[in-house]
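The values are calculated or read from the model by the stated rules, or taken from the named source; none is laboratory data. Please read all numbers here as calculations on a predicted model, not as lab measurements. FYI the Cβ positions are ideal-geometry reconstructions off the backbone, even for glycines, and counts take in every protein chain you see. With ligands, DNA and RNA removed, areas are computed over all heavy atoms of the protein, side chains included. Shrake-Rupley method; radii C 1.70, N 1.55, O 1.52, S 1.80 Å.
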Amino acid sequence: VSATDPDQEADQRAVRYSLHGQGAGSEFTIDEMNGRIFAQRRLDREVRSAWQFLVLATDENGAGLTGFADVLVEVQDINDNAPVFLCATDNCFLGHVPENSPADTSIMEMRATDLDDPKAGKNAVLTYKIVQNVRNEINLNLFSINPATGTIYTVLRSLDREVVDRYLVVVEARDGGGLSGTGTATIVVSDVNDHPPVFTQRVYMASMPENLDINSEVVVVAATDGDEGENSVMTFSIIGGDEDRKFFIETDKVNRRGIVRLKKKIDFEKPHERTFNLTVKVEDADFFSLAYCIIQVEDSNDHTPVFFPQFYEAGSMFEDVPVGTIVAQVTALDLDSGQNGRFTYSIAPESDPFQQFLVDKSGWVVVADSLDREKMSQHRLIILATDMGSPALTGSAIVLVTVQDVNDNGPEFEAQYRPIVWENTIAPQVVHMNDTSILLHVIDRDTSSNGGPFSIRLLMLTSDVTNFNLTDLRNGSAMITALRSFDREQQKQYLLPVLMIDSGSPPMSSTSTLTVIIGDKNDHPHAPGHIEFIVYNLH
């Protein structure tokens, strides 16, 4: 930089220069005598491409007048920066391409950065090429790159995720000055649904008891799928061999299993429910496979013996029938097979407390001991049929036996009478049977047809009877009259045999003794008396 002053003398024209502004003295200096500006150190255009200064020129050797000038220094570019693949985040050079994609499918762009001046020749003009490619089994490259844009493409339709799911490709970016840099592209082959699910077995065998609980597991099938993610999500279903909907299948997506479970109860006694051949299907979004489940059903003791009918009215029989008399024959049926279907008959003990009946293996119920209508007029026998399964099952039926009366009981007093006749009472007097009644009542444990009307009279078996009279009222009761006055000190009681006859066919009679007590009255004065006793004094 130079400055002139035409109006001054030569000594006055001696000018001194100074440099002012950012970078003055550090990056740049100025020769104060001639105004030449010098760079103090190596400049980097990529850090700063221009510098601006103020230059002052002062005459009289720096003591006179001052002029100034603006100086702009532009730093010219040279090709001193190689291209760089910058990655601000993880996986920024990560591309995805579906497997089986056609040739020339765009995958990703590899962009490099060159800090040189793009306006200065070709210092920042980049071209791309793959310096480390991947080859297939016949030595052909799998990928290509657009040299201008850095876009990576597929070369062949040969990407198979199930073979290789990830590739590393090294790309070079070269500028016009010959500098270059490399970056690595990670190409992930994404899955497409190109594999069907396949069962691990063609045929599955299983067995189950017929009494298996609803929702219980019967058999487990499994499948594999070479795909991944949503393309490997599979669903199991039953598509054949289960017309009655006895089974259903649950899909375990995590473990890729199908669990066949029981939906409805199985009945082994139905021939078509002893073996099932299920056709099972597994499918993903596009494909399916089939397998077969053969299920053998095992018989369980699930049928109780059943009587036909369950109620037998055996009619009536007289209570004096002989032992061995047939009452009825019962019949039961068990639908199970083998030991589960065999059974024996018995009588529930609580229904036959006196063991008056028995049942044989053919179901004949017979009288085993004498009957007594007065103890039990009707027998409600519970006949049991117990099979030989484990655990055993028992069915039951009712046999109703009505016992008819025969005249096997004579009349008897209704109560335990203890009549009292007071001594010295004027005769005749009615004898009171108890505190509330003067009548003697007679009953018969047989039915009314073998009961009253009764005949009641005294038997003249002893002299005691002559002192009393019995009047039969013909309604099951009688009245007794004392015919004389009594002295308790002579006789304290009188025994009267009473004969009672019912109206049965043939009639039954019985004799009961009525004891009449003579009640005491204070009718005797005290009499003198003495007693002698000996006292021993022991020392």
Original post:
Which numbered condition trips up Gly504, out of (1) outside any loop (DSSP other than H, G, I, E, B); (2) of a type in the set (Gly, Ala, Ser); (3) at pLDDT below 90?
Top reply: (1)
Original post:
Of everything in the stretch 224-245 that's of a type in the set (A, V, I, L, M, F, W, C) and open to solvent by 30 Å² or more (accessible area, probe 1.4 Å), which residue is modelled with the lowest pLDDT?
Top reply: Val233
Subject >> Only listed residue being under 30 Å from Ser370 (Cα atoms) and touching a Pro at 6+ places or on another chain (Cβ under 6 Å), chosen from Phe354, Phe308, Phe343 >> reply: Phe343
Original post:
Within the group Thr127, Thr182, which residue is over 30 Å from Gly229 (Cα atoms), in contact (Cβ under 8 Å) with a residue 60 or more places away in the chain, open to solvent by 50 Å² or more (accessible area, probe 1.4 Å) and polar (S, T, N, Q)?
Top reply: Thr182
**OP:** Name every residue in the stretch 145-172 that is within 23 Å of Thr182 (Cβ to Cβ), in contact (Cβ under 8 Å) with a residue 40 or more places away in the chain and open to solvent by 30 Å² or more (accessible area, probe 1.4 Å), in order of residue number.
**Re:** Thr149, Tyr153, Val155
Subject >> the stretch 421-435, subset surrounded by 15 or more Cβ atoms within 10 Å (Cβ to Cβ) and touching a residue at least 60 places away in the same chain (Cβ under 8 Å), residue nearest to Asp523 (Cα to Cα) >> reply: Glu423
**OP:** Among the residues of the stretch 281-304, write down those that are open to solvent by less than 50 Å² (accessible area, probe 1.4 Å) and among the hydrophobic types (A, V, I, L, M, F, W, C).
**Re:** Val282, Ala291, Cys293, Ile294, Ile295, Val297
**OP:** Could you check how many residues of the stretch 310-343 are open to solvent by 60 Å² or more (accessible area, probe 1.4 Å), closer than 30 Å to Ser377 by Cβ, not in a loop (DSSP other than H, G, I, E, B) and not acidic (Asp, Glu)?
**Re:** 5
**OP:** Identify, by number, the condition in (1) within 26 Å of the chain's Cα centre (by Cα); (2) under 18 Å from Ile294 (Cα atoms); (3) surrounded by 15 or more Cβ atoms within 10 Å (Cβ to Cβ); (4) touching a residue at least 24 places away in the same chain (Cβ under 8 Å) that Phe248 doesn't meet.
**Re:** (4)
**OP:** Pick out the one residue from Val359, Val366 that is over 40 Å from the mean Cα position of the chain (by Cα), of a type outside the set (S, T, N, Q), within 30 Å of Ser300 (Cβ to Cβ) and surrounded by 14 or more Cβ atoms within 10 Å (Cβ to Cβ).
**Re:** Val359
Original post:
Just checking, which of Val55, Val75 is under 30 Å from Val125 (Cβ atoms), among the aliphatic types (A, V, I, L, M) and touching a residue at least 12 places away in the same chain (Cβ under 8 Å)?
Top reply: Val75
Original post:
Of the conditions (1) acidic (Asp, Glu); (2) more than 30 Å from Ile383 (Cα to Cα); (3) assigned to a loop (DSSP other than H, G, I, E, B), Asp446 fails just one. Which one is it?
Top reply: (2)
Subject >> Residues satisfying the stated conditions in the stretch 400-420, i.e. buried (at least 17 other Cβ atoms within 10 Å of the Cβ) and among the hydrophobic types (A, V, I, L, M, F, W, C) >> reply: Val401, Val403, Val406, Phe413
Subject >> Only listed residue being within 30 Å of Val367 (Cβ to Cβ) and charged (D, E, K, R), chosen from Glu313, Glu230, Glu217 >> reply: Glu313
Original post:
Does Phe307 count as surrounded by 13 or more Cβ atoms within 10 Å (Cβ to Cβ) and over 29 Å from the mean Cα position of the chain (by Cα)?
Top reply: yes
Subject >> Residue satisfying all of: in the stretch 98-127; of a type in the set (Val, Ile, Thr) and under 57 Å from the mean Cα position of the chain (by Cα); nearest to Cys87 (Cα to Cα) among these >> reply: Ile107
Original post:
Which one of these is outside any strand (DSSP E or B), closer than 30 Å to Ser300 by Cβ and in contact with a strand residue (DSSP E or B) (Cβ under 8 Å, 6 or more places away or on another chain): Ala385, Ala392?
Top reply: Ala392
Subject >> Selection within the stretch 251-261 - among the aliphatic types (A, V, I, L, M) and either open to solvent by 40 Å² or more (accessible area, probe 1.4 Å) or closer than 18 Å to His303 by Cβ (or both) >> reply: Val254
**OP:** Kindly indicate whether any position in the stretch 402-417 is modelled with pLDDT of 90 or more, assigned to a strand (DSSP E or B) and closer than 18 Å to Tyr312 by Cα.
**Re:** yes
Original post:
Across the stretch 262-277, what is the number of residues that are more than 10 Å from Lys246 (Cβ to Cβ) and in a strand (DSSP E or B)?
Top reply: 2
Original post:
Is it the case that some residue within the stretch 473-490 is without any contact (Cβ under 8 Å) to a residue 40 or more places away in the chain, outside any strand (DSSP E or B) and either open to solvent by less than 40 Å² (accessible area, probe 1.4 Å) or in contact with a strand residue (DSSP E or B) (Cβ under 6 Å, 6 or more places away or on another chain) (or both)?
Top reply: yes
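The rows are residues; the columns are (1) more than 27 Å from Leu115 (Cα to Cα); (2) open to solvent by less than 60 Å² (accessible area, probe 1.4 Å); (3) modelled with pLDDT under 85; (4) under 60 Å from the mean Cα position of the chain (by Cα).
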site	(1), (2), (3), (4)
Glu27	no, yes, yes, no
Met33	yes, no, no, no
Gln40	no, no, yes, no
Ala50	no, yes, yes, no
Ala57	yes, yes, no, no
Asn61	yes, no, yes, no
Gly64	yes, yes, yes, no
Phe68	yes, no, no, no
